[in-house]
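As structure tokens, the structure follows; a few thoughts come after it.
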Amino acid sequence: MLKVDSHQHFWNFDPVRDSWITEDMAVIRRDFLPDELKPILDQNNVAGCVAVQADQSEGETAFLLDLAKRYSFIKGVVGWVDFQSADLTNRLENYQQFPALKGFRHILQNEQPGYLLHPGFLKGVAALKDYDFTYDILIRSSQIAETVNLVSLNPGQRFVLDHLGKPPIKNGGIQDWSADIKALSGNENVFCKLSGLVTEADLKHWKMEDLFPYLDVVLTNFGVERIMFGSDWPVCKVAAEYPAVCGVISGFLEQLTTYEQELIWSRNAIEFYKLEFIDDFIN
């Protein structure tokens, strides 16, 4: 079964810019570029990927768009733009000339409470639908309740929650996160990525059975038509290599029909990001 990776990153490592990659994440304190990822995708039957921003700059957006231009397996880019800029409309109009640019993300997990509902940020997010751009939500589990308000105020905008909202898997916390996920999933314009699980668990000693309860919650609430696979490569390498990440999802999806599995492995990402694939892959 062919797959689409809806969430991965590229970077030329810079210790100052990429200070979030701490010493205990030494395995990813280096460059990660398409020539390294392509054989990994091939080995795991992944037909294409979506490259997601890791730096808060338009230079990052340009960097990813250049890679997408040179490597055909990069089917989409989620970039960054200053949502509170007075020039935002002009920037979004400019970005329409790049077919590979599918949407944007701001790293909300580091922002203070209330930021998601700041009038300037809300105005910026609201502008995306006029240009048919998506929005990736990167938050911590404590921010899900605030996110429910964000998405409900923008019913015409396509949102996708990255990494299941970073549930507290390592300490086994699930009840509060589960209730928040249920509330968020009630908004039909929100999808969820099955990504980032292994790095929220015990990095050295995680087991599939640690992760399945969280996947169950997402499947129950979002359903098979609003969830998608994402590897979070190379960040996943802190806890697991690419085949192991795929193995978690494969193991969990065994309970579903072949068509339902296809939705989660590829079709939902293709529809959400409006990715271009050959007809015999999507039909």
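Measuring against 27 Å, Cα to Cα, the residue pairs 102/170; 3/102; 38/182; 123/237; 102/193; 182/207 contain 102/170; 38/182; 123/237 as the ones spanning a longer distance.
Here's the picture: a label point sits 7 Å out from the Cα of residue 20 along the beta-carbon direction, and within region 101-142 the residues with their amide nitrogen under 15 Å of it are 104-112, 136-141.
Cβ neighbours within 10 Å, averaged per peptide: list 225-232, 141-148, 172-179 in order, most packed at the top.
Ranked by mean Cβ neighbours within 10 Å, highest first: 225-232, 141-148, 172-179.
Once the Cβ-Cβ distance of residue 29 and residue 171 is raised to the sixth power relative to R0 = 30 Å, the FRET efficiency obtained is 0.70. Of the beta bridges in the chain, as assigned by DSSP with both residues counted there, near 5 percent are antiparallel.
What list do you get for 236, 49 if you sort them by fewest beta carbons within 10 Å?
Fewest to most other Cβ atoms nearby, the residues stand as 236, 49.
Exposure proxy ranking for 199, 257, based on other Cβ atoms within 10 angstrom of each Cβ and starting from the fewest, stands as 257, 199.
Residue exposure proxy: 267, 140, ordered by other Cβ atoms within 10 angstrom of their Cβ from fewest to most, comes out as 140, 267.
Would you work out the charge dipole size for the chain about its Cα centre, treating the Cβ of every Lys and Arg as +1 and the Cβ of every Asp and Glu as -1, and quote it to the nearest 20 debye?
160 debye
Considering all different alpha carbon pairs of region 3-282, the Kirkwood hydrodynamic radius works out to 18.9 Å. Taking amide H as placed 1.01 Å from N in the peptide plane, the amide H of residue 231 sits under 5 Å from that of 6, 7, each at least 5 places away or on another chain. Compared with the alpha-carbon gap, the fully stretched path from residue 225 to residue 153 is longer by 23.7 nm at 0.36 nm per residue. Placing a pseudo-label 7 Å from each Cα along the Cα-to-Cβ vector at residue 43 and residue 130 gives an inter-label distance of 4.7 nm. Projected label points at residue 111 and residue 274, each 7 Å from Cα along the beta carbon direction, are separated by 2.4 nanometres. Peptides 62-73, 15-26 ranked from most to least packed by the mean count of surrounding Cβ atoms within 10 Å: 62-73, 15-26.
The numbers here are math on the coordinates, done by the rules we state, and not lab data. Predicted model only: the values in this text are computed from it and were never measured. Glycine also receives a Cβ, built like all others from the backbone with ideal geometry; neighbour counts cover every protein chain displayed.
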